[in-house]
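Presented below is the structure to which this report refers.
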Amino acid sequence: MRKFYPPMANTLSYLPMEKKKLILHGVLLLLLSLDHYHPYSRSLVLNLASSLHIPIHVLLDDELRLAAALAETIKNVEPAELLQRRAEQQAKCAKKWKPGSGGRSGPVPSGGTGLAVPLLTAGIGAIASGLALGTSATAGILGAVAESSYVVATLFGLYIMRPSGKSMEQFAKEVPNFALKHVHDADTEGIEFGKIGPEHRRLRAVLCIGGWMTEDDITKPWRALGDSNEAYAFQWDPEALTKMGNALSTVLKSAAWSLAKKEIIARTSEKHSHAPEPHVVANKAGPVQASLDQNMWPSGLLRMSKTIDNPWIMGMVRADKTGYTLAEMIMSKVHGERGITLIGYSLGARVIYTCLMSLAEKRAFGLVENAILMGTPAPSGPLVWGTMKSVVSGRLVNVYSENDYILGFLYRTSCLQYGIAGLQRIEGIDGIENVNVTAKIGGHMRYQHLVGSILDHIGWEGIDREVVAADEKAMAILEEQSRERSERRDAVELNHESPAAVEAEVEVPKEEKEPEGIIRTRIKKKKKGRGRK
Ligand SMILES: *[C@@H]1O[C@H](CO)[C@@H](O)[C@H](O)[C@H]1NC(C)=O
């Protein structure tokens, strides 16, 4: 925490820890009394906690307790009642800031303390170890939040009044098969935030966006995410994502791919050893970058492009469209009056990129708390990332791997002169965190198994280490399988079988299984090329 929120020198930091915790708690209550918990509020408490030398888990525990108590206040409230309260609340809002109309100095509202019963039983004025604000003081600080279930419901994104007037149903129509699934409560599936049990409500929301699908359970890559956030897996366009997933698996399992990978590596290392000339220095970014720079890909790989390019291009188009819709949703505060964090890999990270660019264009600042993009098919220029940073009030993280052959290959037809965020550091701009996972990510598809360990690495709070370990184990098994596969292939090669036979063994789409099929495609390609000229 100290790294991201450097402490400011102050005399309060010498107070006993209990007192400091109470100060933090009081400020948290005060911020909640503004009827929201926006990312700027969160930044403030993080800075405060850091300056008072309070460990972050204290803040997290406090947030959890407050969320639980607030969620309890609206547990048994009927929607109809909430809608009625909405009207009352609006009338009250008009008076809110006039002197002497409630507020801290005004009379305590009816019911003695003015605190809702669940808040009272949760001891909301107290910190865990006993020091407490008085009940009426707490009620005074919290103001409307303590009295109105409507305000609390709005905080959590329920029955919210949207400035755009667009309902969640309308948004959902723009994204094929859109759905939100709570990461830790697999039974919930809906198109709205907050339709979950009160025990899952939190003061901060997280949206997890995947980049392809190889199985139906979209929450799986995100299980490590711990319980300190209200985390949802964002389902978008399962059809396109499943096609992408199938294509990726097919290519990665193919002999052509493992040969191609070897060829790329051999080619670059050869250059490195034989020609220490200036132009090689440009290649120090790695073999993938070098292949991109020279636009030279092994022919075996280019043949696979038929399998993979179409789903990818389709995926990119859909991701951009989804990103625009997501930006609109966030501007409508469908997640409630609280911050939202976006995490995604591959095409999912593309969704986030488009979303942030769109938010910046609309000058929608202070809505997104953190954004973590992994293996992103998007430009890496400082201008782009500076624009994205303008709408992210917390951390903006670019997770990249210089070994991500698949990403480089897929992105080869896009605007390369602007770089690829998923392959390189973001340079020339402050405030962006770069995370180099080259050592961990050999292939693009590993991102789905490494989300937990990457998040743990960047200091995400409350990662479930057990899940991370299980994920890493699962990946080690896959790794082993793919190694065995390529060894088997090498053995075949050694037996002097023709390369065509090796390629035939590939589990590529059926029509390409026979060697003749491959030859036929080759001829077709040539013809096409000529046609264009
Ligand atoms: C990223 O990590 C790899 C391997 O750990 C290393 O070779 C490479 O130089 C690093 N890149 C940068 C830009 O630090």
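The values are calculated or read from the model by the stated rules, or taken from the named source; none is laboratory data. Small disclaimer: the values here were computed from a predicted structure and weren't measured. We place every Cβ from the backbone using ideal geometry, glycine too, and count neighbours over all the protein chains shown. Heavy atoms of the whole protein, side chains included, go into the accessibility calculation; ligands, DNA and RNA do not. Shrake-Rupley method; radii C 1.70, N 1.55, O 1.52, S 1.80 Å.
Observations on the model:
- Given R0 = 56 Å, the distance between the Cβ atoms of Glu480 and Val317 translates into a calculated FRET efficiency of 0.95.
- Here the spin labels are modelled as points 7 Å beyond Cα on the Cα-Cβ line, and at Asp293 and Ala266 they lie 2.2 nm apart.
- In terms of the mean number of neighbouring beta-carbon atoms within 10 Å, the peptides 1-13, 396-408, 287-299 order highest first as 396-408, 287-299, 1-13.
- Area accessible to solvent at Arg202, 1.4 Å probe radius, in Å²: 20 Å²
- Distance from the C-alpha centroid of region 418-445 to that of region 183-218: 27 Å, rounded to the whole angstrom.
- Tensor-based shape of region 414-490 (alpha-carbon gyration tensor, a/c under 1.5 rounded, otherwise prolate or oblate): oblate
- At an R0 of 25 angstrom, the distance between the Cβ atoms of Tyr418 and Ala439 translates into a FRET efficiency of 0.45.
- Rough spin-label spacing in nm, given labels placed 7 Å along Cα→Cβ, for Glu239 and Asn10: 5.5 nm
- Length-normalised contact order of region 353-396 in % [C-alpha pairs under 8 Å, at least 6 apart]: 58 percent
- Taking all protein chains as they are arranged and a probe of 1.4 Å, the heavy atoms of Cys415 leave approximately 70 Å² accessible to solvent.
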